[in-house]
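**Student:** Attaching a single structure in structure tokens format; questions to follow.
Just so it is clear, none of the values below were taken in a lab; they were calculated from the coordinates. Bear in mind the structure is a predicted one, so any value in this text is a computation, not a measurement. So basically every Cβ, Gly included, is an ideal-geometry build from the backbone, and we count neighbours across all protein chains shown.
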Amino acid sequence: MVKISAIDKYQEVLGNTNAIALATSVDNVPDVRIVNFIRDQQRPNVLFFASDRTNRKVA
């Protein structure tokens, strides 16, 4: 059995999608939205997230 490290799994997951479910909570009211992200191969520890400018934002 081959063991996969957490970093390797993280890289695998990020390599297979371009969106995540971002969960927040304000006053104990949860909110989950799908946001897109991109990775810069020159900066592998950085993710850039994007959201629709017309959507309500959490303060």
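**Student:** Looking at the chain as a GNM with Cα springs under 10 Å, which of Asn36, Asn18, Asn28 has the largest mean-square fluctuation?
**Tutor:** Between Asn36, Asn18, Asn28, it is Asn28 that shows the largest mean-square fluctuation.
**Student:** Could you work out the relative contact order of region 6-50? I mean the mean sequence separation of Cα pairs under 8 Å and 6+ apart, divided by the number of residues, in percent.
**Tutor:** On the way: 43 pairs, mean separation 11.9, N = 45.
Here the relative contact order equals 26 percent.
**Student:** Further, regarding this structure: Please arrange Thr54, Thr24, Thr17 by how many other C-beta atoms lie within 10 Å of their C-beta, fewest to most.
**Tutor:** On the way: Thr54 5, Thr24 12, Thr17 9.
Placing the least packed residue first, the sequence is Thr54, Thr17, Thr24.
**Student:** To the nearest 20 debye, what is the magnitude of the charge dipole of the chain about its Cα centre, counting +1 on the Cβ of each Lys and Arg and -1 on the Cβ of each Asp and Glu?
**Tutor:** 80 debye
**Student:** Then there is this: Tell me, Arg43, Arg53, Arg33 in order of fewest to most beta-carbon neighbours within 10 Å?
**Tutor:** Placing the least packed residue first, the sequence is Arg53, Arg43, Arg33.
**Student:** Take Tyr10, project a point 7 Å from its Cα along the Cβ direction, then tell me which residues of region 30-54 have their backbone nitrogen under 17 Å from it.
**Tutor:** Residues passing the 17 Å test: 37-49.
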